[in-house]
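What follows is one structure encoded as structure tokens, with my remarks underneath.
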Amino acid sequence: MKIGIVLPATPGYSETFFTNKIKGLQEHGYTVVLFVNSDKNKTTLPVKIINAPNLSGNSGMVLLRSFLCLMETFVFHFSATIRLFQLNANDKIPFSKNIKSIIASSHILSEKLDWLHFGFGTMALDKENVAASIKAEMAVSFRGFDHYVYPQKNKNCYQLLFSKKVKYHVLSDGMKSDLVQKGIPATHIEKITPAINMDLFTANLDRVKNDSLKIVTAARLHWIKGLDYTLEALALVKEKGIQFHYTIIGEGLEKERLQFLVHQLELGNEVTFAGKLNPEEVKKELQKAQVYLQYSHQEGFCNAALEAQAMGKICIVSDADGLKENVVDTITGFVIPKRNPLYLASKIMEVNGLSAIEKTAVSKNAMERIKAFFNIEKQKIAFIKFYEKN
């Protein structure tokens, strides 16, 4: 079987879910081809990478490249190109947009595939007919932002996609339920949760000996991660006289705003922005901590919370869709209502006051559940079944 995966770029340092999936498929004997807009991320994966046409630059250069690309795809991949044009025309896509779609998809039309899998829902936009044009089965993954946020800014953006024959991969039951409500048959949707490297993210249950509470979050610095609410809650914890240190792992557009919020809340001595870290460095930060926070407004699932549980950390998370399936409330961690800093502060203080026996019980439950249900081997098998069962 030959599977093409469409991504914005080659998998980055934090996108282990793509790397693990590709390795698993290759181990099973499948051929994988990556179609990317950028190969700037260095990858050691032994996989064929095909770049999308480079249509950047001045208008004259873009026009020339577009013309050459169009001529090439019509000459060397005539049948697939004509099919794509006709399928787009049947969907009443205007001529100019149809031509743009052909140019943008030309690097995919060159390959013969059994499956064409778009790694994010947004990657399938304006390419809804490409799989059919090369006579491949079509799959689409929804992971979080593409499912919850993008459609809010772009109403009905998936209307054409949802009319096609597609097999969907989602991360949570909540996402599956949303798609069913949009008219997608449940039989066309498979939930495959993320998985983590249990060899890396593992630890014993010896409690970290610290004079103060150590808390950590790993997240891109984006409004959807609820970091402003988290900082407001920690300011309330500080007011109660509890000593703590909070480390935020990650980079993003909201960094300056969050740094100013730290200043306004007088948390400069309590908060560290650690920036982007590799998995080994993330593990070291988790080893220092007792509590992991993920107070997001919405999450597809959240690998970082899985890694923290595997390390035996007490997780406090919001009740965002993926998180309330990721953590079992009061059993493997604590799930609380989102957008409530007062409640979060109260829960942090409550967890800090738990006895060693109570903390150990939660940690053991978390570690055992992660090991049983979120290991990479289980995920590999799930994806093999995903492509074989159609």
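The values are calculated or read from the model by the stated rules, or taken from the named source; none is laboratory data. Worth saying up front: this structure is predicted, and the values here are computed from it rather than measured. A quick note on method: Cβ atoms are made from the backbone with ideal geometry, for glycine too, and the neighbour counts reach across all protein chains shown. Each accessible area value is taken on the protein alone, full model and side chains, heavy atoms only, with ligands, DNA and RNA left out. Shrake-Rupley method; radii C 1.70, N 1.55, O 1.52, S 1.80 Å.
Listed highest first by mean packing, meaning other Cβ atoms within 10 Å per residue, what order do 117-130, 246-259 come in?
Numbers: 117-130: 22.4, 246-259: 17.1.
Ranking, from highest mean packing down: 117-130, 246-259.
So, with +1 on the Cβ of K and R and -1 on the Cβ of D and E, and no other charges, what is the size of the charge dipole of the stretch 150-263 about its Cα centre, to the nearest 20 debye?
Here the size comes out at about 500 debye.
For the stretch 1-142, the residue among T73, T31, M1 whose Cα projects farthest onto the positive side of the dipole built from Cβ charges is T73. Just name one of V166, N98, N58: the one whose Cα is farthest towards the positive end of the charge dipole of the chain (beta-carbon charges, Lys/Arg +1, Asp/Glu -1). Positive-most Cα among the choices belongs to N98.
Between the stretch 72-144 and the stretch 257-272, the C-alpha centres lie 47 angstrom from each other. Accessible surface calculations at 1.4 Å, restricted to protein heavy atoms, place the stretch 2-112 at 54 Å² per residue. When you restrict to C-alpha pairs under 8 Å that are six or more residues apart and normalise by the size of the chain, the relative contact order lands at 14 percent.
Quick check on my link table: of K135/K155; K313/K378; K127/K155; K40/K276; K176/K324; K313/K364, which ones sit more than 20 Å apart, alpha carbon to alpha carbon? Don't jump to the answer; show the numbers that get you there.
Values: K135/K155 29 Å; K313/K378 23 Å; K127/K155 18 Å; K40/K276 17 Å; K176/K324 14 Å; K313/K364 10 Å.
Pairs exceeding the cut-off: K135/K155; K313/K378.
In order along the stretch 131-138, phi translates into HN-Hα couplings of 4, 5, 5, 9, 6, 10, 6, 10 Hz, rounded to whole numbers, per the Karplus curve 6.51 cos²θ - 1.76 cosθ + 1.60 with θ = phi - 60° and x for Gly and Pro.
In the chain, the alpha-carbon atoms span a convex hull of 147 Å³ per residue.
Scoring 62-68, 135-141 by mean Cβ neighbours within 10 Å over their residues and listing the highest first yields 135-141, 62-68.
Relative to the longest principal axis of the C-alpha atoms of the chain, give the angle of the C-alpha long axis of helix 356-373, reported between 0 and 90° and rounded to the nearest 10°. Roughly 20 degrees, rounded to the nearest 10.
Whenever you get a sec, compute what percent of the accessible area on the stretch 128-251 sits on carbon and sulfur atoms (1.4 Å probe).
Values: 2610 of 5550 Å².
Looking at the stretch 128-251 in its full context, I get 47 percent from C and S.
Along the stretch 166-183 the Karplus relation, 6.51 cos²θ - 1.76 cosθ + 1.60 evaluated at θ = phi - 60°, assigns HN-Hα couplings of 9, 9, 9, 10, 10, 9, 9, 5, x, 5, 4, 4, 4, 5, 4, 5, 8, x Hz to successive residues, with x for each Gly and Pro. Rounded to the nearest 20, the size of the Cβ-charge dipole of the stretch 1-116 about its Cα centre is 120 debye, with Lys and Arg at +1 and Asp and Glu at -1.
Across the stretch 269-284, rounded Karplus estimates of 3J(HN,Hα) from the backbone phi angles (6.51 cos²θ - 1.76 cosθ + 1.60, θ = phi - 60°) give 7, 9, 10, 10, 8, 7, x, 7, 10, 7, x, 5, 5, 4, 4, 4 Hz, Gly and Pro being marked x. Using the Cβ-Cβ distance between H222 and E27 with R0 set to 45 Å, the FRET efficiency works out to roughly 0.85. The H on the amide N of K191, modeled in the peptide plane, is under 5 Å from the matching H of V170, each at least 5 residues off or on a different chain. The distance from the alpha carbon centre of the stretch 146-201 to that of the stretch 316-360 is 26 Å, rounded to a whole number.
Could you tell me what percent of the accessible area of the stretch 293-379 is made up of carbon and sulfur, with a 1.4 Å probe and every protein chain present? The partial results should precede the final answer.
Details: 1740 of 3230 Å².
Solvent-exposed carbon and sulfur of the stretch 293-379 make up 54 percent of the total.
Helix 16-27 sits at what angle to the longest principal axis of the chain, using alpha carbons and giving 0 to 90 degrees rounded to 10? So the helix axis and the longest Cα principal axis differ by about 60 degrees.
Relative to the longest principal axis of the Cα atoms of the chain, the long axis of helix 227-239 lies at roughly 0 degrees.
Taking 19 Å as the cut-off, the amide N atoms of the stretch 1-35 that come nearer than this to a point 7 Å along the Cα-to-beta-carbon line of S56 belong to 7-13, 35.
Set the Förster radius R0 to 30 Å, insert the Cβ-Cβ distance between V75 and F95 as r into 1/(1 + (r/R0)^6), and round the FRET efficiency to 0.05. It would help to have the intermediate numbers written out before the result.
Working: r = 20 Å, r/R0 = 0.67.
Working from the Cβ atoms, E equals 0.90.
With charges set only on the Cβ (+1 for Lys and Arg, -1 for Asp and Glu), what does the dipole of the chain come to about its Cα centre, in debye to the nearest 20? Present the calculation step by step, with values, prior to reporting the outcome.
On the way: 49 positive and 39 negative charges, 163 e Å.
The dipole magnitude comes to about 780 debye.
Within the accessible area of the stretch 1-49, the carbon and sulfur atoms contribute 49%, probe 1.4 Å, all protein chains present.
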